[in-house]
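Undergrad: One structure follows; several queries about it will come next.
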Amino acid sequence: MNSITDSLYLIKPEIAVAIVLVCVVTFNLIFKNKSKVLPWLSIIGLIVTGYFVIEQFSLNSLAFSSADYKGLLVADPFGAYFKLLIIVSSILVILFSISNKELYAAADRLGEYYALIFGMILGMFFMVSAADLILIYLSVELLSLSSYVLAGFTKKTLRNSEASLKYVIYGGVSSGIMLFGISIVYGLTGTTNLYEINTLLQAPQINQLTLIFAGILIFAGIGFKISVAPFHFWTPDVYEGAPVTITAYLSVASKAAGFALLIRFIKVGFIKSVNAEGYWQIINLIDWKSFFILISIITMTLGNFAALWQNNMKRLLAYSSIAHAGYLMLGLVVMSNEGILAVLIYFAVYTVMNLGAFFIVMLIANKIGSEELDDYKGLGYSTPVLGICLAIFLVSLTGLPPTAGFIAKLYLFIALVDAKMIAVAIIALLNTVVSLYYYIRVLKNMYLDKPEKEIERFSASVPNLTLLGVLVVPIIFFGIYFTPLVELAKSSLSLFGF
C-alpha cells in the first residue's frame, strides 16, 4: 500500500487533470445554460495542475514499480518541462476558444469541447511520462480519440467532416502499425518496460533484423503524432478543416507530447550510457542516427517546398509545422544532451510563435470570414496591430534576429556543428532560406498588394489585444535576453536513469 501511495503522489498532475475533466462534465450536465463559465473553470483547473507539475522538477522517480518490474511511468524534470508546455498551450487555446466564431455554431456542445480537450491533456501527460510500451500505446490512443472528435467538432462545413474522417483513418492505421511493432518487441524481449528492454537489447542473442523492423513500426505511430514525413499526409487536410483553435493545439501540444515520447523511447530504450561530453552511446542494433538524419532532411524539405504553393493560411502553417518537425528532429539526430537542450529551447519558442500566428489567423477570419491568402491583401493597413504582430511571429518562425526564433535555431545549429554534422547543418540552413519566401509572401500580400475592394479598418477587442501582447512580448524578450529560458531547459535535461 505504501508503494501505491507513493506512486499516486508521483502522478498528481494526471489525477488533477482527470478530476477537472469530471468537474467540467458534471458542471455542464447540471448548468447547461452556464457554458461561459466552462473556460474559466478549465483554466483554474490547469493552473492547479501546473502547480503540481512544477513540483515534479525536483523529482526523479519511477511510479508503480516493484521488485521484479522497473516501473510504469516516470516523474522527472524532463517530463515536467513538457507537461508545463502542454499546460501553457492548453490555457492559451482555451482563451482563444472564447472568441472563436467557429465554435458559435456548436454553442450547445461546449461542455463536450472542453471535456475532450482535457481528454487530450490526460493522454499527453501519460505520453510524456510513459516508461512502458503498453502505457505508451494507451496514452497515444487516449490523445487520438479525443482529437479525432475535436477535429470535426463544429460540423459546420464538409471540409470539417472530411478533416475528422481523414484523421480517424490515418490515425487508426498508424496505431495498428505501432501496436504490431510493440508486439514484436515483446516477442523478442518478453517485456514491455523500456528500462528492461534496454538491458535485454544488450544481450547478443537478439535478432537484429526483426528488431529494426519493429523499431520502424513503433516509430511510424510516433511519427504520425509529430507529423514527420512520410507520416504527415493527414496534416494539411486536418489543419485546414478543423476549428482553428484545435489546429493550433494539434500543431503545438500534440507535437510536444510526441517528441517527448520519442526522445524518452530512444534514450531509455536504446542508449547504453552518456559520456563525459554528453554524447549518447547507442546500443549497436539499430542505426537510429542515420535513420533520423534521413527523416529530418525529407521532412523539412518536403514541408518547406510544399508550403510555397499554398494559398490557404491554415494549410501554409500546416506545412510550416511539418518543416519545423524536421528542424526539431535535428536535435535528436545529434544524439547528445546538447541536442536535446536545443529541442527543449526550440519547443518553448515554437509554442508561443506558432500559437500567436494561428491566433491572428483566427481573429482575421472572425472579421473577414476567410483564411485565403488572397484575402489578406491590404490587411496590414486596415488592421495595423494584427499586421505588425503577424509579421513578428512569421519572422520568428523563419528564425531571424532579434526574435526568439533565431535563438531557437541558433542552438540547433550549434549542436549540429559541435557534433561535426556540417552537411546536415547546411541543408537545414538552406531550408530556412526557402521558408523565408513563403513567410514573406504573406507580408507582401498584407503590405504591398492592393485589395480588390476597400477594406474598412478594424481591430481586435481589448482582451484579445492583451492576449496578443502576452504572446508577442516573449518573442521579442527572449530574442534579446534568453538566459532564463536556456537555464530552465538545462535544468530539465534529466531523464530518470541518465
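The values are calculated or read from the model by the stated rules, or taken from the named source; none is laboratory data. Keep in mind the model is a prediction, meaning the values are calculated, not measured. Note that we place each Cβ from the backbone using ideal geometry, even for glycine, and neighbour counts take in every protein chain shown.
Undergrad: Restricting attention to segment 273-288, does a residue exist that is touching a strand residue (DSSP E or B) at 6+ places or on another chain (Cβ under 8 Å), modelled with pLDDT of 90 or more and of a type outside the set (Ser, Thr, Tyr)?
TA: No - not one qualifying residue is present in segment 273-288.
Undergrad: Also, quick follow-up: Pull up segment 14-31, narrow it to residues that are under 16 Å from Arg109 (Cα atoms) and touching a residue at least 24 places away in the same chain (Cβ under 8 Å), then point me to the one that is farthest from the chain's Cα centre (by Cα).
TA: Leu29
Undergrad: State yes or no: is Met421 in contact with a strand residue (DSSP E or B) (Cβ under 8 Å, 6 or more places away or on another chain) and either closer than 30 Å to Phe78 by Cα or not acidic (Asp, Glu) (or both)?
TA: Against the criterion (in contact with a strand residue (DSSP E or B) (Cβ under 8 Å, 6 or more places away or on another chain) and either closer than 30 Å to Phe78 by Cα or not acidic (Asp, Glu) (or both)), Met421 does not qualify.
Undergrad: Please find, within segment 142-181, the residue that is modelled with the highest pLDDT out of those that are outside any helix (DSSP H, G or I) and among the polar types (S, T, N, Q).
TA: If we take residues in segment 142-181 being outside any helix (DSSP H, G or I) and among the polar types (S, T, N, Q), then Thr154 is modelled with the highest pLDDT.
Undergrad: Is it true that Ser139 is more than 22 Å from Tyr319 (Cα to Cα), within 25 Å of the chain's Cα centre (by Cα) and assigned to a helix (DSSP H, G or I)?
TA: yes
Undergrad: Identify all residues within segment 190-205 that are under 17 Å from Ile266 (Cβ atoms) and either hydrophobic (A, V, I, L, M, F, W, C) or within 31 Å of the chain's Cα centre (by Cα) (or both); write none if there are none.
TA: The answer is Thr192, Asn193, Leu194, Tyr195, Glu196, Ile197, Asn198, Thr199, Leu200, Leu201.
Undergrad: Please work out if Ile44 is under 24 Å from the mean Cα position of the chain (by Cα), closer than 27 Å to Ser99 by Cβ and exposed (fewer than 13 other Cβ atoms within 10 Å of the Cβ).
TA: yes
Undergrad: Kindly list the number of the only condition in (1) touching a residue at least 24 places away in the same chain (Cβ under 8 Å); (2) assigned to a loop (DSSP other than H, G, I, E, B) that fails for Leu416.
TA: Of the numbered conditions (1) touching a residue at least 24 places away in the same chain (Cβ under 8 Å); (2) assigned to a loop (DSSP other than H, G, I, E, B), the odd one out for Leu416 is (2).
Undergrad: Additional query: Under 7 Å between Cβ atoms, which residue pairs at least 6 apart in sequence (or on different chains) link something in segment 149-165 that is of a type in the set (D, E, K, R) with a partner that is modelled with pLDDT of 75 or more and in a helix (DSSP H, G or I)?
TA: Short answer, once both residue conditions are applied: Lys155/Ser161; Lys156/Glu102; Arg159/Glu240; Arg159/Gly241; Glu162/Asp237; Glu162/Gly241.
Undergrad: Among the residues of segment 138-166, which ones are closer than 20 Å to Val128 by Cβ and not small (Gly, Ala, Ser)?
TA: Across segment 138-166, the qualifying residues are Leu138, Val140, Glu141, Leu142, Leu143, Leu145, Leu150.
Undergrad: I would also like to ask the following. Looking at segment 215-264, which of the residues that are charged (D, E, K, R) and closer than 20 Å to Val333 by Cβ is surrounded by the most Cβ atoms within 10 Å (Cβ to Cβ)?
TA: Step by step, filter segment 215-264, then rank; the result is Lys225.
Undergrad: Inspect all residues belonging to segment 446-457 and state whether any of them is modelled with pLDDT under 90 and not in a loop (DSSP other than H, G, I, E, B).
TA: Yes: one or more hits.
Undergrad: Of all residues in segment 233-264, how many are in contact with a helix residue (DSSP H, G or I) (Cβ under 7 Å, 6 or more places away or on another chain) and under 29 Å from Ile197 (Cα atoms)?
TA: The qualifying residues number 11.
Undergrad: For segment 2-46, give me each residue that is of a type in the set (A, V, I, L, M) and within 19 Å of Ala75 (Cα to Cα).
TA: Ile4, Leu8, Leu10, Ile11, Ile15, Ala16, Val17, Ala18, Leu46
Undergrad: Only one of these is modelled with pLDDT under 90, of a type in the set (A, V, I, L, M) and either buried (at least 20 other Cβ atoms within 10 Å of the Cβ) or in contact with a Phe, Trp or Tyr (Cβ under 8 Å, 6 or more places away or on another chain) (or both): Leu355, Leu429, Leu379, Leu344. Name it.
TA: Within the list Leu355, Leu429, Leu379, Leu344, the selection yields Leu379.
Undergrad: Under 8 Å by Cβ, and 6 or more places apart or on different chains, what pairs join a residue from segment 50-76 that is surrounded by 15 or more Cβ atoms within 10 Å (Cβ to Cβ) with one that is among the basic types (Lys, Arg) and outside any helix (DSSP H, G or I)?
TA: Matching pairs, first to second residue: Leu62/Lys70.
Undergrad: Across segment 189-205, which residue is surrounded by the most Cβ atoms within 10 Å (Cβ to Cβ) among those that are out of contact with any Ser or Thr (no Cβ under 6 Å at 6 or more places or on another chain), of a type outside the set (Phe, Trp, Tyr) and in a helix (DSSP H, G or I)?
TA: Top of the filtered list is Leu194.
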